[in-house]
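Heads up, the thing below is written out as structure tokens.
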Amino acid sequence: MNSCAAISPDVLHIDAVRETERIVAAIRDVVFNQFRRKGAVIGVSGGIDSSVVAFLCARALGNEHVLVLFTPEADSSPDSLRLGRMVAESLGVRSAVEDISPILRAARCYERRDESIRMAVPEYGEGYKCKIVLPNLVDANRYAIFSIVVQSPDGEVKKVRLGPTAYLGIVAATNFKQRTRKMIEYYYADLYQYAVAGTPNRLEYDQGFFVKGGDGAADFKPIAHLYKSQVYELAAYLGVPEEIRRRPSTTDTYSLEQSQEEFYFSMPLAKMDLCLYGKNHGIPPEELAPVAGLDEKQVQRAYAMIESKRNVARYLRAAPVLVEEIAGI
Amino acid sequence: MAMSNNVLQEVRQFIVSNYLYGQERTFNDDDSFMGEGIIDSTGVLQLVAFLEESYGITVEDEELTPENLDSLNNVAGYLARKMSAPPRVEMLEQSVTGGNL
């Protein structure tokens with residue numbers, strides 16, 4: 001994997017035509033031949049990754065074999081549904097809307113989350129908004145410890161570092177959202193004998209930016225090998241609407257707008273892409289730094305952060321472990 | 001020195017009980033918690049809560065660094081510095097004005 005060849009900012013450039021042909025062939029083979037399913041369900045959030053997967057599936061399987069699913073809940077941005085519908089209309093595929101708020105309320109998702117938030121912010125309650133954020137880890141050698149940002153109904157913003165019980169409680173509760181979405185996707189997959197498409201890009205897949213049993217669950221993940229900037233390249237080639245391509249990446253999980261950088265990656269995604277590429281190809285930090293627009297120490301920290309998150313992500317990606325191989329299956 | 005030895009033992013006990021799950025594995029006072037895969041970032045969060053509760057300190061955001069927290073020796077050194085440091089100015093002001101005046 002090591003290579004000390006000169007690196008340029010174009011290193012992530014892909015041939016979008018050939019890459020699309022390769023992925024489309026793989027999707028067709030997996031869905032129709034290997035799994036013998038009649039089509040694909042894609043949960044579309046109005047973000048770039050799920051939109052690209054929907055476009056690829058439509059191209060691979062035919063519009064009539066694709067179902068695009070929207071699963072808004074109480075904290076979702078209205079833009080997500082609007083842009084998701086734009087994808088379905090652009091492709092001319094079937095779509096369904098399932099508001100998952102009642103399921104989440106029944107599971108006490110919001111209630112459990114708010115109880116955990118109140119450990120850090122006792123006054124948190126009706127009318128408040130929140131998100132969790134990481135500090136900038138690239139400019140200082142610090143640990144990735146989350147804080148919660150809350151906004152009161154009168155607009156006052158407060159940021160408090162989270163203790164372990166509050167942090168784990170908030171994450172465990174909000175993970176209901178991704179797991180509920182996946183449950184709905186598999187409902188439609190069962191109904192139509194379809195396969196479920198997963199939508200992580202390489203950064204997310206490698207670094208564990210997904211919920212185990214939630215958005216981490218799928219029958220196939222057609223863009224998990226692509227860096228984020230390559231997903232954008234593919235999106236432009238496939239004709240994903242410009243508004244979606246220009247939309248900043250968001251988790252759409254918390255009621256306050258939360259970028260993926262402040263939730264997980266701690267640096268702009270384009271730079272994170274280059275750091276991941278550099279680490280994967282054994283490029284020394286001093287060589288990558290000028291290309292990524294970072295200094296050497298920042299790249300060293302990014303490499304260490306990637307390794308640390310990769311270690312945690314191994315559990316998230318792991319298939320269930322058996323004590324021994326089961327013969328005959 | 002006595003405090004430092006106690007701290008080493010107490011923090012070691014916390015790590016062994018919470019992250020080594022009864023494994024035979026041992027680690028040295030200078031071993032990196034993260035580098036050796038002993039704890040992850042959530043473990044750091046739990047270590048910070050343990051230090052705050054056990055030693056009555058507040059770990060400030062800027063103190064959440066490997067230099068302070070990534071090995072038993074680093075933790076012991078950090079605690080020694082922290083506990084010998086003069087109280088922060090705002091705490092002094094509070095104690096002066098906070099009585100029955």
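3J(HN,Hα) along the range A:88-104, derived from phi through the Karplus expression 6.51 cos²θ - 1.76 cosθ + 1.60 where θ = phi - 60°, amounts to 4, 5, 4, 8, x, 9, 5, 9, 9, 10, 10, 6, 8, 4, x, 5, 5 Hz, with x in place of Gly and Pro. The H on the amide N of A:S255, modeled in the peptide plane, is under 5 Å from the matching H of A:C130, each at least 5 residues off or on a different chain.
Of all aspartates and glutamates in the structure, those lying under 12 Å Cα to Cα from A:K309, and not within fewer than 8 positions of it along the same chain, are A:E204, A:D206, B:D40.
Simple point charges give the picture: +1 on the Cβ of Lys and Arg, -1 on the Cβ of Asp and Glu, and for the range A:143-248 a dipole about the Cα centre of about 300 debye.
So if we plug the beta-carbon distance of A:L322 and A:R118 into 1/(1 + (r/R0)^6) with R0 = 45 Å, what FRET efficiency do we get, rounded to 0.05?
E(calc), rounded to 0.05, equals 0.60.
The antiparallel fraction among DSSP beta bridges confined to the protein assembly as shown stands at about 50%. Mean partner shielding of peptide B:35-45, defined as the number of other chain Cβ atoms within 10 Å of each residue Cβ, is 4. Per-residue extension of 0.36 nm, minus the Cα-Cα distance of B:A80 and B:D61, leaves a gain of 5.0 nm for this segment. Inter-label distance, A:T165 to A:N63: 5.6 nm, where each label sits 7 Å from its Cα along the C-beta direction. Find how many whole Å separate the alpha carbon centroid of the range A:60-91 from the alpha carbon centroid of the range A:10-37. One Cα centre to the other: 21 Å. Taking each DSSP H run with n ≥ 4 as -39500 (n - 2.57) and averaging over every residue of the protein assembly as shown yields -15500 deg cm²/dmol at 222 nm.
Taking a threshold of 30 Å on the Cα-Cα distance, which of the pairs A:K129/A:K297; A:K177/A:K221; A:K221/A:K271; A:K177/A:K228; A:K131/A:K182 fall above it?
Beyond 30 Å between Cα atoms: A:K129/A:K297.
What net charge is computed for the residues neighbouring A:E286, neighbours being all others with C-beta under 13 Å from the C-beta of A:E286, Lys and Arg scored +1, Asp and Glu -1? Before the final figure, lay out each step's value.
Working: positive: A:K297; negative: A:E287, A:D295, A:E296.
With Lys, Arg at +1 and Asp, Glu at -1, the neighbours total -2.
Put simply, the convex hull of the Cα atoms in the range A:187-329 casts, on average, a shadow of 12.4 nm². Evaluating 6.51 cos²θ - 1.76 cosθ + 1.60 at θ = phi - 60° for every residue in the range A:213-227, the Karplus couplings come out as x, x, 5, x, 8, 5, 8, 8, 10, x, 10, 5, 9, 9, 5 Hz, glycine and proline recorded as x. Stretch A:Y237-A:E296 to full length: gain in nm at 0.36 nm per residue minus the Cα-Cα span? The A:Y237-A:E296 span can extend by a further 17.8 nm. The three principal axes of the C-alpha atoms in the range A:52-169 carry coordinate ranges of 51, 38, 26 Å, sorted with the longest axis first. Directionally averaged projected area (chain A, Cα convex hull): 18.6 nm².
Each Lys and Arg adds +1 at its Cβ and each Asp and Glu adds -1 at its Cβ; summed about the Cα centre, the protein assembly as shown shows a dipole of about 1200 debye. Rg and Dmax, both from the Cα atoms of the range A:124-179 and both in Å, are 12.9, 37.
Evaluating 6.51 cos²θ - 1.76 cosθ + 1.60 at θ = phi - 60° for every residue in the range A:277-288, the Karplus couplings come out as 4, x, 5, 5, 10, x, 7, x, x, 5, 7, 6 Hz, glycine and proline recorded as x. Fully extending the segment from A:R85 to A:Y315 would add 79.4 nm, taking 0.36 nm per residue of separation and subtracting the current Cα-Cα distance.
Remark: mean inter-chain Cβ contacts per residue of A:140-147 equal 6, using a 10 Å Cβ-Cβ cutoff to other protein chain atoms. Seen from every direction in turn and averaged, the convex hull around the alpha carbons of the range A:30-76 projects onto 3.6 nm².
Values in this text are rule-based calculations from the coordinates and carry no lab data. Computed from a predicted model, the values in this text were never measured in an experiment. Positions of Cβ are generated from backbone atoms using ideal geometry, with glycine treated the same way; all protein chains shown enter the neighbour counts.
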